[in-house]
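So the structure is just underneath, and the comments pick up after that.
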Amino acid sequence: MLGEIASNYPKAAEILMAHGLHCIGCGVSAFETLEQGAKAHGMDDAEIKKMLKEINSAI
């Protein structure tokens, strides 16, 4: 879940926040996947893919 990613991988949390996903502290993040959260914030598939590449490179 999105909240687990943010809490377990601090670098990933920084990248999420840089992309407008301020998941830390959001109650919904315990129930959403990264894709669901990103799409809820208006990100398209290309943006999500780019963000995932950044996260994978960082962790």
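The values are calculated or read from the model by the stated rules, or taken from the named source; none is laboratory data. As the structure is a computational prediction, the values presented were derived from the model and not from experiment. Because the Cβ atoms are built from the backbone with ideal geometry, glycine has one as well, and the counts that use them run over all protein chains shown.
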Inset, instruction - Please go through region 10-29 and pick out each residue that is modelled with pLDDT of 80 or more and aliphatic (A, V, I, L, M). - result: Ala12, Ala13, Ile15, Leu16, Met17, Ala18, Leu21, Val28
Inset, instruction - May I ask you to list pairs of residues, at least six apart or on different chains, whose Cβ atoms are under 7 Å apart, with the first in region 1-25 being among the basic types (Lys, Arg) and the second being part of a loop (DSSP other than H, G, I, E, B) and surrounded by fewer than 14 Cβ atoms within 10 Å (Cβ to Cβ)? - result: Lys11/Ile59
